[in-house]
């Protein structure tokens, strides 16, 4: 990279990112609960689900859910 390279990033609030991921991956349909119920006990739902993609699980790990 050139010496004058500039790096730009965007940081989102964790709560809005959490809501966004939940909605984007249609997790309410997958788990049959709303986001509040899911947030109270996420492992309860993830451990039941064998088919969740690694991509979805890795997103949740960023929130220290798993």
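Remarks
- Residue 34-residue 15 pseudo-label distance in nm [points 7 Å out on the Cα-to-Cβ vector]: 1.6
- Separation of the residue 3 and residue 23 label points, Cα + 7 Å toward Cβ, nm: 4.6
Taken together, the values in this text are just the output of simple stated rules run on the coordinates, not laboratory data. A quick note: this is a predicted structure, and the numbers were derived from the prediction, not measured. All Cβ positions, glycine included, derive from the backbone under ideal geometry; neighbour counts span all protein chains shown.
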